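Just below is one structure, and these are the notes that go with it.
The values are calculated or read from the model by the stated rules, or taken from the named source; none is laboratory data. Keep in mind that this is a model prediction, so the values were computed, not measured. Please note: Cβ atoms are built from the backbone with ideal geometry, for glycine as well, and neighbour counts cover all protein chains shown.
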Amino acid sequence: MNICSGIWFIRGASGLSNSPILSIKDLTYAFKGERPIFQKLSLDVKAGEFVSLIGASGSGKSTLFKLITGLLEPEQGEIWIDGQMAGNRLGSVGYMPQKDLLLPWRTVLENLLLPIEITKESKKQRIPEILEWLSRFGLADYEKAFPQELSGGMKQRVAFLRTLMTGKNLLILDEPFGALDSLTKRNMHSWLLGLWGELQKTVLFITHDLEEAILLSDRIYLLGRKGLQDINVNLPRPRNSELIYQSAFITMRKELERLIDNES
Amino acid sequence: MTMKARLKKWTGDYGLFLLVIIALISIWECVVSQGMIPAFILPAPSAIWGSFVENRQLLLEVHLPATLKEVLIGFGIAVISGLLLGVGMHFFRALEKVLYPFLVISQTVPLIAISPIFIMWFGYSIWSKIAVTILTAFFPIVVSTYDGLKSGGKEYRELLLTMGANRWTIFQKIQVPLALPAIFSGLKLSVVYCVVGATIGEWLGASVGLGYFSRRMSGNLQADAVFAAIFLLSLLGILLFLLIGLLEKQLLKNKIRS
C-alpha cells in the first residue's frame, strides 16, 4: 500500500496526475470599503505538488490563505477542495500560521493532540504514531517538554507536526520559517526536503524568500498587481540544500527576479 | 533548593519588610509609653496584644468564626454568580449590553448607604451581612472573567477554527486557559473585599462578628480591643489572599509562563 502510494506520489509531483486537490476560480475579495485585493484570481494545486506563493507584502497572500481555509468568505468566485465546493471549508485543510501558536500551557504531546481532540477521535490510539513522528522530526524525548523550553526551529517543527496531525491532505503553510534565523532556516529546508518524499501531502506555501521558494517547490505562483503568474521549477527531486549553488538553480533565481522586477 | 538557599531567598524577599515592621512597632511602642499620645487614641502595641490575649476566647471562638462564615458564604456565592455572569456576558452580547451598566451602577452605590436597606430586608440575620459581602465581592470576579475571556487569543481562535473547532471547543481549549490568570487576579481582589464587606455589614447591624465587636469596643472607648479586632480582620484578609494565591500557583503550575 505504502509503496503504491509512493509511486503515485512521484507521478503526482511530476505533473502526470491531473486531479486538482485545490482549485480556485475567478476569486475576488475586498475588505469592506476598500479596493479589491485581488480580482478574478484562479489557481490549481494538484495532489502531491509543492506549490509556493510569492508576492510582496500587502499583495494579499495571507488573505488568500484565509479564504482557502474558510476563515474568510470570497465575494465572488469558487474555491474547490478535493473536488468539492463546500460552503463551510473550515476543518478541510491543514493550516500552519506564521507564528507557531503552540499553546504554552500544553506539553508538546498535548499540543499535537489538539487537532485530534477537536475531531473527537480517540487520543490513545494516536499517541504511538505521534511519538514515532516526533523521533522522525528529531524531537524524540521532547513529548513532555513545554513549548517555551524548545528552540525556534524545534517549535516550528512541532507546529508543522501539529498541522500534519489534522490528517488533511492539503497543507497550507503561511511563512512557516519566516521568523527563523537564516542558519536555522537552512536546517529546516534540509529537513523538509529530506522528509518530502515520505510525507505524501500536498503543500501550498507562502513565502517572500525566493531561494526558499525555488528550493522547495514544484511550481511557484507569483502574486502581483497583474494577477497570478505560474512558474514551473524544473529541478529534479530528491533535492538537498546544496542545490542553491548549482547553475540551474541560479538561472532559475535570476529569471524569477526578472519577473518580479517586471511586476513592480 | 537547599534549606539554606530557601532561607536566603525568603529573607531577600521579605527581610526588609519585616525590618521596617519591627522598627515601626518599636517606635510606636516608644511614643505611646512615653505618654506623647494618650492610650485611648492610640494604644501601645503591647496593650493591643494584651487586649487580644484577654479577649482571645471571645475573638477567636465567637467573633472570628462568625465573620469567616459570612465571608466564605458571601465569597462562594459571589464566585459562582460572578463566573456565570462573566461567561454569560461573553457568550451573549445582549446580556453584556444589558448587564454591564447595572454592574457599574452597583459599584457606584455607596455601600454604607445601601447596607441599612439590606438590614431592613434581611433583619439582623447572617443574610444581611452576606448580601453586603456579595455586593462588594462579585464585581471584580465578573469583570475579570469577562475581560479575561475577551483578551486576545484571536490567532489561536483562528487556528482552532481551521481545525474545525466550534465555539464551545474554542472556549474550553483556548479562552478559559487564557483567562485564568485574570480570573485569579479578580478572585484575589474579591476575597479581600469580602472581609471589608462583611465588616461593614456587621458594623451596621449584627449581634456577633469582628465588625460588631470592634464597634461595641469603640463605643466603650476600648481602643486596644478595637485595634486587636482590626488586626485580626486584616490578618484574615491576608490569609485568604494568600490561600487564593496558593491555589493559583497549584493550578497554573507549569502552565501560563509565557
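A few points about this structure:
- Options A:139, A:113; residue that is surrounded by 19 or more Cβ atoms within 10 Å (Cβ to Cβ), within 22 Å of the chain's Cα centre (by Cα), without any contact (Cβ under 8 Å) to a residue 60 or more places away in the chain and within 11 Å of another protein chain (Cβ to nearest Cβ): A:113
- Evaluating residue A:134 against the criteria (1) within 14 Å of chain B (Cβ to nearest Cβ); (2) among the hydrophobic types (A, V, I, L, M, F, W, C); (3) surrounded by 20 or more Cβ atoms within 10 Å (Cβ to Cβ) leaves one unmet condition, (1).
- For the range B:194-211, a residue qualifies if it is assigned to a helix (DSSP H, G or I) and surrounded by fewer than 23 Cβ atoms within 10 Å (Cβ to Cβ), and the qualifying residues are B:196, B:200, B:203, B:204.
- Checked against the criterion of being of a type in the set (A, V, I, L, M), modelled with pLDDT under 90, part of a loop (DSSP other than H, G, I, E, B) and at negative phi, the candidates A:243, A:195, A:180 yield just one match: A:180.
For every residue, the table says whether it meets (1) more than 14 Å from chain A (Cβ to nearest Cβ); (2) without any contact (Cβ under 8 Å) to a residue 40 or more places away in the chain; (3) within 23 Å of residue B:68 (Cβ to Cβ); (4) touching a Pro at 6+ places or on another chain (Cβ under 7 Å).
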site: B:175; (1), (2), (3), (4): no, no, no, no
site: B:180; (1), (2), (3), (4): no, no, no, no
site: B:189; (1), (2), (3), (4): yes, no, yes, yes
site: B:194; (1), (2), (3), (4): yes, no, yes, no
site: B:201; (1), (2), (3), (4): yes, no, yes, no
site: B:204; (1), (2), (3), (4): yes, no, yes, yes
site: B:208; (1), (2), (3), (4): yes, no, yes, no
site: B:213; (1), (2), (3), (4): yes, no, yes, no
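- Near pairs, Cβ below 8 angstrom, 6+ apart or cross-chain, from the range A:235-264 (under 10 Å from residue A:215 (Cα atoms) and surrounded by 15 or more Cβ atoms within 10 Å (Cβ to Cβ)) to any residue that is at pLDDT 85 or above and small (Gly, Ala, Ser): A:235/A:248; A:241/A:190
- Exclusive hit being crowded, with 16+ Cβ neighbours inside 10 Å, in the same structural domain as residue A:174 (by TED's automatic domain parsing), within 23 Å of the chain's Cα centre (by Cα) and within 30 Å of residue A:20 (Cα to Cα), set A:87, A:77, A:83: A:77
- Positions within the range B:66-90 being under 11 Å from residue B:146 (Cβ atoms) and in contact with a Lys or Arg (Cβ under 8 Å, 6 or more places away or on another chain), in sequence order: B:90
- With respect to being crowded, with 17+ Cβ neighbours inside 10 Å and more than 14 Å from chain B (Cβ to nearest Cβ), residue A:193 fits the description.
- Qualifying positions in the range A:60-81 - away from chain B (no Cβ under 11 Å), within 12 Å of residue A:27 (Cβ to Cβ) and of a type outside the set (S, T, N, Q): A:60, A:64, A:67, A:73, A:74, A:75, A:77, A:78, A:79, A:80
- Here B:76, B:82, B:88 are screened, and the one residue that is small (Gly, Ala, Ser), in contact with a helix residue (DSSP H, G or I) (Cβ under 6 Å, 6 or more places away or on another chain) and without any contact (Cβ under 8 Å) to a residue 12 or more places away in the chain is B:88.
- Single match in A:162, A:136 (criterion: out of contact with any Phe, Trp or Tyr (no Cβ under 9 Å at 6 or more places or on another chain) and under 21 Å from residue A:49 (Cα atoms)): A:162
- Among (1) surrounded by fewer than 17 Cβ atoms within 10 Å (Cβ to Cβ); (2) at pLDDT 90 or above, the one test that residue B:66 misses: (1)
- Looking only at the range B:147-170, and only at residues there that are of a type in the set (A, V, I, L, M, F, W, C) and assigned to a helix (DSSP H, G or I), the one that is farthest from the other protein chains (Cβ to nearest Cβ): B:149
- Conditions (1) outside any helix (DSSP H, G or I); (2) in contact with a Leu (Cβ under 7 Å, 6 or more places away or on another chain); number of the one not met by residue B:132: (1)
- Within the range A:31-56, residues that are over 29 Å from residue A:189 (Cα atoms) sit with their Cβ atoms under 6 Å from residues that are assigned to a loop (DSSP other than H, G, I, E, B), at 6+ positions apart or across chains, in these pairs: A:36/A:30; A:37/A:60; A:38/A:60.
- Residue check for residue B:227: under 30 Å from residue B:33 (Cβ atoms), surrounded by fewer than 18 Cβ atoms within 10 Å (Cβ to Cβ) and touching a residue at least 60 places away in the same chain (Cβ under 8 Å): no
- Once the range A:82-110 is narrowed to residues that are more than 12 Å from chain B (Cβ to nearest Cβ) and farther than 20 Å from residue A:137 by Cβ, the residue that is modelled with the highest pLDDT is A:82.
- The single condition among (1) more than 18 Å from residue A:98 (Cα to Cα); (2) surrounded by 14 or more Cβ atoms within 10 Å (Cβ to Cβ); (3) not charged (D, E, K, R) that residue A:163 does not satisfy is (1).
- Some residue of the range B:72-80 being among the hydrophobic types (A, V, I, L, M, F, W, C) and not in a helix (DSSP H, G or I): no
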